[in-house]
1. Can you tell me which of (1) touching a Ser or Thr at 6+ places or on another chain (Cβ under 8 Å); (2) open to solvent by less than 20 Å² (accessible area, probe 1.4 Å) is the one Arg273 doesn't meet?
2. Looking only at segment 232-284, which residues are among the acidic types (Asp, Glu), without any contact (Cβ under 8 Å) to a residue 40 or more places away in the chain and touching a strand residue (DSSP E or B) at 6+ places or on another chain (Cβ under 7 Å)?
3. If Gln269 passes every condition in (1) within 14 Å of ligand 2 (Cβ to nearest atom); (2) out of contact with any helix residue (DSSP H, G or I) (no Cβ under 6 Å at 6 or more places or on another chain); (3) closer than 24 Å to Val138 by Cβ but one, which one does it miss?
4. Filter segment 211-266 down to residues that are closer than 17 Å to Arg186 by Cα and either at pLDDT below 95 or among the acidic types (Asp, Glu) (or both), then give me how many there are.
5. Out of everything in segment 121-142 that is open to solvent by 10 Å² or more (accessible area, probe 1.4 Å) and more than 12 Å from ligand 1 (Cβ to nearest atom), what residue ends up being nearest to Glu272 (Cα to Cα)?
6. Picking from Ser256, Ser226, which residue would you name as being touching a Leu at 6+ places or on another chain (Cβ under 7 Å), within 13 Å of ligand 2 (Cβ to nearest atom) and among the small types (Gly, Ala, Ser)?
7. Could you check segment 62-77 and list, in sequence order, the residues that are surrounded by fewer than 18 Cβ atoms within 10 Å (Cβ to Cβ), in contact with a helix residue (DSSP H, G or I) (Cβ under 8 Å, 6 or more places away or on another chain) and farther than 15 Å from Ile135 by Cβ?
8. Of all residues in segment 47-77, count the ones that are within 15 Å of ligand 1 (Cβ to nearest atom) and in a loop (DSSP other than H, G, I, E, B).
Amino acid sequence: MAGRYKSDLKWSEVTPKASWLNRRQIMATAGAGALGAIAGPAFASLGAKKTAFGDGLEPNTLEEITSYNNFYEFGTDKGDPARNAHALTTDPWSVKIDGMVEKPGDYSFDDIMKGVSLEERIYRFRCVERWSMVIPWVGFELADLLERVGVQPGAKYVAFETALRPDEMPGVNYPIIEWPYKEGLRLDEAMHPLTLIATGLYDEPMPKQNGAPLRLVVPWKYGYKSIKSIARITLVDEQPPTAWETYSAAEYGFYSNVNPERDHPRWSQAYERRVGGGLFAKQMPTQKFNGYEPEVADLYAGMDLQKYH
Ligand SMILES: Nc1nc2c(c(=O)[nH]1)N[C@H]1C(S)=C(S)[C@@H](COP(=O)(O)O)O[C@H]1N2
Ligand SMILES: [Mo]
């Protein structure tokens, strides 16, 4: 995967925004042939529609976003996904959508992409381990997909599963968590306009270490809710088990909303560390709901967020 970007603009030598603008200029002015010569055949702009999400936020570099990852199917070191995820076959890909839906079935990646309009949204991303990034995702609202498949009236939660491929995923041969990786959202969280199915970042198809070909992004929750390489989506009427809550319910709850007032039993959540900047890595106060409080606080009105963590 790393090689794919080597022939491209030198992300590490310029600020992310400068290189981003630079790249867009090249795309606007160069013909297809010239572009091919610059970037090689792997280069594929998604042409996602720009949005105001993330105005004023400085995105992390592509290098940072694709080399410091959690994707335990490929190993538990931050560099393992970048080293190992190339083995994942992402084409063809299909997602089983089942449970309480009007149109269950195995949907190919192309079926899912048909009729969606891709947007770029720059979101904060906060891992429960305290590191954070700012990521320019490309994707569409999960609500669009759920509306297309038709949610039955009794459905209350959405359950997600990652693909399970022991031949391609060295990590799943170890009993770190229960495989396949599972996640879940309450239906209103799933339908919230901030909740994305992301299929790319920096206007390119999703790198494998970031969860190709499609993954969830729920920006007001700890990163582990944003399940990667989704193979199954099931509408259910009861709160589904999730990988990290099953592993340790005292440490990782179902809701997992970013909350500076609710510490992890083994560490404070008052501060976060923005990846990048080396020795001078920026330490900053954790924001409630990761900065998305105005948009999402209503979802939890009256709930005890210490108990429902
Ligand atoms: N299938 C799967 N999804 C996963 C994980 C994982 O190990 N397996 N790790 C989670 C965690 S803990 C984080 S912080 C984010 C990291 O996403 P990123 O590597 O794109 O930054 O992915 C989440 N999704
Ligand atoms: Mo995480």
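The values are calculated or read from the model by the stated rules, or taken from the named source; none is laboratory data. All of these numbers come straight from a predicted model, not from anything done at the bench. Cβ atoms come from the backbone with ideal geometry, glycine included; neighbour counts cover every protein chain shown. The accessibility values were calculated without ligands, DNA or RNA, using every heavy atom of the protein model including side chains. Shrake-Rupley method; radii C 1.70, N 1.55, O 1.52, S 1.80 Å.
1. Every condition holds for Arg273 apart from (2).
2. Once the filter is applied, which keeps residues that are among the acidic types (Asp, Glu), without any contact (Cβ under 8 Å) to a residue 40 or more places away in the chain and touching a strand residue (DSSP E or B) at 6+ places or on another chain (Cβ under 7 Å), segment 232-284 yields only Glu251.
3. (3)
4. 3
5. If we take residues in segment 121-142 being open to solvent by 10 Å² or more (accessible area, probe 1.4 Å) and more than 12 Å from ligand 1 (Cβ to nearest atom), then Ile122 is nearest to Glu272 (Cα to Cα).
6. Ser226
7. Passing the criteria: only Thr76.
8. Going through segment 47-77 one residue at a time, the tally reaches 10.
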